[in-house]
1. Would you confirm whether any residue within the range 62-69 is in contact with a strand residue (DSSP E or B) (Cβ under 8 Å, 6 or more places away or on another chain), in a loop (DSSP other than H, G, I, E, B) and modelled with pLDDT of 85 or more?
2. For the range 1-31, which positions are open to solvent by less than 80 Å² (accessible area, probe 1.4 Å), at pLDDT 85 or above, in a strand (DSSP E or B) and not acidic (Asp, Glu)?
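The values are calculated or read from the model by the stated rules, or taken from the named source; none is laboratory data. Keep in mind that what you see is a predicted model, and the values were worked out from it rather than measured. Note: ideal-geometry Cβ built from the backbone for every residue, glycine included; neighbour counts use all protein chains shown. Keep in mind that these areas ignore ligands, DNA and RNA; they rest on the heavy atoms of the full protein, side chains included. Shrake-Rupley method; radii C 1.70, N 1.55, O 1.52, S 1.80 Å.
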Amino acid sequence: MAISADGDLLYVSGADGRTVSVVDAATYAVLGTFVTDPDGSTSGSYGPYRFLLVDPDPDTGGTLYVTDYADGAVYAVTGAPGGAPAAVLT
């Protein structure tokens, strides 16, 4: 789980190891969910092997980084919670 720099949003990794939900920190309402690993398998949970980090720099727009242990990748997500596609960093 990660929290936005302003404390308004929570980013929570899904148990499926592919999705991230965006939650309003004040109301706990789910604002949206997006997939960071569209080609990944849903047959198991990556559990603790997915880490989330929010870059608080206003010049980068608060990019969310999500690690993917199974793929050896880091996804850079911008535009959340609108469900914008993630870019894969190598």
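1. Narrowing the range 62-69 to residues in contact with a strand residue (DSSP E or B) (Cβ under 8 Å, 6 or more places away or on another chain): 62-68.
Within this subset, residues satisfying the condition of being in a loop (DSSP other than H, G, I, E, B) are 62-63.
This time we only want the ones that are modelled with pLDDT of 85 or more, so: none.
No: zero hits.
2. If the condition is that a residue be open to solvent by less than 80 Å² (accessible area, probe 1.4 Å), at pLDDT 85 or above, in a strand (DSSP E or B) and not acidic (Asp, Glu), then 2, 9, 10, 11, 12, 13, 20, 21, 22, 23 are the ones that fit.
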